[in-house]
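Enquirer: Pasting a structure below so you can have a look.
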Amino acid sequence: MRITSRIAMVVSFAIPLLAGCNLPGKPKDGPEVPRPEDILSYKTLYATNCAGCHGANGQLGAATNLANPVYQALIDDATLRDLIANGEDGTLMPGFSEKTGGTLTDAQIDALVKGIRAEWSKGNVLAGQNAPPYKATHAGDPAKGAGVYAAACARCHGETAAKPGHAGAILDGSFLAIVNAQTIRTTILAGRPDLGMPDWRSARKDRALTDDEVTDLTAWLISQKPALPGQPYGNAAVPAPVPAAAPAATPALAAHAHAPAPASAPTKP
Ligand code: HEC
Ligand code: HEC
């Protein structure tokens, strides 16, 4: 009897205490650290998801120089959003939307598009300049593209893969293996002002490149992609699988695999 009344006393004192004051250490409403999906600050989203590849300020990263008003004028909101949400096939650009296995919500992707525009677009800086479109509108002719390379790119990137220029060998198979046609087109059109690469207007010293030239040049560079990237003889003919029943053919095939790439399909004497 006495014990129960004591407990009742303690409890009746404690209830108003707990309800009435903010005891130190009492948790606030909502989590102490925001949930990842609640972060809508563009700066935080960019720093944690993009800066590693595109550079802390949209420049000097390994991937596209986003802080480039020419680039921002070439690409529209829908394309920019699609690239962030779904990534880019044939490159190392990952998709960030939850649908593609990424971690960003639709609202966060919208915040990134808005922030990138607000920070790095300077409006239509290409008005009246007859800029070739961001996306190619037709297939290019690689045969014509080789001449465009010689006239517009070789002075900085070298005439052949074996003789790279001061700006690095873009004809290098390991480089070509990790880019797609759009990356090359984007780089030709927008340049890399952060690294000293001119855009399509001044790659040639005498005049701007035309849309056809950009398209042909891109097709030619893509045609230089090695069939077997990372191999010392990346463009050598791919040896046919050795038939199990004919082991005697192995030395001949191995010799063939190490021969330089034939100019045309080899014919049997
Ligand atoms: C793992 C590295 C990596 C991360 C992280 C990354 N990117 Fe990329 N991104 C790339 C690569 C590689 C390309 C292809 C172009 C190139 O090679 O420069 C690319 C391409 C792009 C393009 C298209 C360029 C074009 O040709 O028009 C956009 C836009 C872009 N990224 C935005 C972003 C944004 C915004 C984020 C952050 C949400 C992000 N990227 C995160 C590597 C990355
Ligand atoms: C005036 C010199 C110059 C000319 C002309 C030039 N480039 Fe570049 N290019 C550069 C420099 C500098 C870089 C950056 C090299 C580096 O630091 O990695 C570069 C980088 C590149 C890259 C790699 C970009 C990246 O994101 O890693 C590609 C692709 C490229 N150039 C293509 C071309 C093509 C195609 C042409 C011909 C239309 C061309 N360049 C003409 C100087 C030039």
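Enquirer: Let me confirm something: among ALA107, ALA111, ALA85, which residue is exposed (fewer than 13 other Cβ atoms within 10 Å of the Cβ) and either touching a residue at least 24 places away in the same chain (Cβ under 8 Å) or within 15 Å of the chain's Cα centre (by Cα) (or both)? So that I can check it myself, show each step before the final result.
Expert: Values: ALA111 fails: exposed (fewer than 13 other Cβ atoms within 10 Å of the Cβ); ALA85 fails: exposed (fewer than 13 other Cβ atoms within 10 Å of the Cβ).
Of the residues listed, the single one that is exposed (fewer than 13 other Cβ atoms within 10 Å of the Cβ) and either touching a residue at least 24 places away in the same chain (Cβ under 8 Å) or within 15 Å of the chain's Cα centre (by Cα) (or both) is ALA107.
Here is a yes/no grid of residues against (1) assigned to a helix (DSSP H, G or I); (2) assigned by TED's automatic domain parsing to the domain that holds GLY147; (3) modelled with pLDDT of 95 or more:
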{"position": "ARG185", "(1), (2), (3)": "yes, yes, yes"}
{"position": "ASP194", "(1), (2), (3)": "no, yes, yes"}
{"position": "ARG204", "(1), (2), (3)": "no, yes, yes"}
{"position": "THR215", "(1), (2), (3)": "yes, yes, yes"}
{"position": "THR250", "(1), (2), (3)": "yes, no, no"}
{"position": "HIS256", "(1), (2), (3)": "yes, no, no"}
{"position": "SER264", "(1), (2), (3)": "no, no, no"}
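Enquirer: Could you give me the residue pairs with C-beta distances under 7 Å whose first residue belongs to region 47-67 and is near ligand 1 (Cβ under 10 Å from one of its atoms), whose second residue is among the β-branched types (Val, Ile, Thr) and assigned to a helix (DSSP H, G or I) wherever it lies, and which are 6+ apart or on separate chains?
Expert: Matching pairs, first to second residue: THR64/THR186; LEU66/ILE116.
Enquirer: Just a yes or no: is a residue in region 151-167 more than 8 Å from ligand 2 (Cβ to nearest atom), assigned to a helix (DSSP H, G or I) and touching a Ser or Thr at 6+ places or on another chain (Cβ under 6 Å)?
Expert: no
Enquirer: Please state which one of ALA78, ALA162, ALA118, ALA127 is surrounded by fewer than 14 Cβ atoms within 10 Å (Cβ to Cβ), free of Cβ contacts under 8 Å to residues at least 24 places away in the same chain and closer than 19 Å to CYS50 by Cα. Even if it seems obvious, please write down each step before you answer.
Expert: On the way: ALA162 fails: closer than 19 Å to CYS50 by Cα; ALA118 fails: free of Cβ contacts under 8 Å to residues at least 24 places away in the same chain; ALA127 fails: closer than 19 Å to CYS50 by Cα.
Unique residue meeting the criteria: ALA78.
Enquirer: Could you give me the residue pairs with C-beta distances under 8 Å whose first residue belongs to region 178-194 and is on the phi > 0 side of the Ramachandran plot, whose second residue is among the small types (Gly, Ala, Ser) wherever it lies, and which are 6+ apart or on separate chains?
Expert: GLY191/ALA203
The values are calculated or read from the model by the stated rules, or taken from the named source; none is laboratory data. What you are looking at is a predicted structure, and each value in this text was computed from that prediction instead of being measured. No Cβ is skipped: glycine too gets one built from the backbone with ideal geometry, and neighbour counts run over all protein chains shown.
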